[in-house]
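Trainee: Next up is a structure, given as structure tokens.
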Amino acid sequence: VLMLKKYIENEFKSLKLYPNFWSSNENYLCLELGRDISTSDNDYIKVVYDRAISVFKDLFNDNDDIIFVINVYTWIDCINRYEESKCCDLYYSSVENIRLKQYLRHKAELKKVNVYSEYISCEDTGDKLKKIDHYYVKCKVKDIKYGLLIEQITKEDLGYRFKGLADYFIININNHYVYRMCTDEYIDLVFLNNEDRLKIRAKYIDINDDQE
């Protein structure tokens with residue numbers, strides 16, 4: 001059984017690594033990285049980066065075991081829920097096209113990359129998603145260049161371009177929570193235990209987007 005699939009089935013049964021991460025999971029928290037600062041400010045990138053790194057370090061230690069996941073999405077032109085045309089948009093065709101090796105400290109980790117594929121119905125996500133290929137590697141936090149990843153995601157929509165930048169999830173399999181940063185605007189977090197979510201929510205009360 002694939003390691004990622006086994007982990008979700010046995011340890012984190014509610015976890016769904018979908019694009020609509022916020023609505024697919026329980027114990028979800030969104031932190032607004034760009035709150036109270038404008039993209040026109042000279043220190044915008046530094047402030048956003050520092051916030052994202054601070055949250056990451058609150059959730060991960062260098063020796064924590066993680067699953068580093070990169071999603072590849074296949075979409076359909078879904079006219080309605082009963083008719084499907086051929087795949088019209090394949091984000092990346094294979095792991096070779098994804099920005100992955102840039103974030104692994106050791107080339108040997110590339111040989112450990114596996115893929116777990118899910119076929120999705122419209123009811124699962126409410127959009128045109130047909131298939132998700134979860135490329136993943138199990139390693140330690142210290143084996144990935146998370147600072148570089150966060151820096152490049154921060155800059156991607158601000159005039160910089162990093163070919164192959166995809167959708168990344170970092171799962172702490174010791175403590176059972178997930179860190180996902182897609183843009184400079186926010187971080188998505190999901191926790192197995194609501195107590196862990198509440199601790200982070202309280203610490204980052206000034207930038208959390210929780211409506212409770």
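The values are calculated or read from the model by the stated rules, or taken from the named source; none is laboratory data. The structure presented is a predicted model; accordingly, all values stated were derived computationally and were not measured. Here the Cβ positions follow ideal geometry from the backbone for every residue, glycine too, while neighbour counts run over all protein chains shown. Protein only, heavy atoms only, side chains kept; ligands, DNA and RNA dropped before computing areas. Shrake-Rupley method; radii C 1.70, N 1.55, O 1.52, S 1.80 Å.
Trainee: Please compute the modelled spin-label separation between TRP22 and LYS163, points set 7 Å along Cα→Cβ, answer in nm with one decimal.
Mentor: 3.2
Trainee: Let me ask another. Given a Förster distance of 22 Å, report the FRET efficiency between ALA202 and ASN63 from their Cβ-Cβ distance, rounded to the nearest 0.05.
Mentor: FRET efficiency, ALA202 to ASN63: 0.30.
Trainee: A follow-up question, please. In the stretch 6-64, which GluC sites (Glu not before Pro) are in a loop and have at most 12 other Cβ atoms within 10 Å, using DSSP for the loop call?
Mentor: Those satisfying the criteria are GLU11, GLU26.
Trainee: Taking the Cβ-Cβ separation of LYS101 and ASN193 as r and a Förster radius of 35 Å, what is the calculated FRET efficiency to the nearest 0.05?
Mentor: Working from the Cβ atoms, E equals 0.55.
Trainee: Oh, and also: Please compute the per residue accessible area over the stretch 140-185 with all protein chains in place, 1.4 Å probe, rounded to a whole number of Å².
Mentor: Per residue, the stretch 140-185 has 39 Å² of solvent-accessible surface.
Trainee: Shifting gears a bit: Multiplying the sequence separation of GLU9 and SER54 by 0.36 nm and subtracting their Cα-Cα distance, what value in nm do you get?
Mentor: Additional length available on full extension: 13.2 nm.
Trainee: In this model, which of LYS13/LYS138; LYS46/LYS111; LYS57/LYS130; LYS111/LYS131; LYS13/LYS111 are farther than 29 Å apart at the alpha-carbon?
Mentor: Pairs exceeding 29 Å: LYS46/LYS111; LYS57/LYS130.
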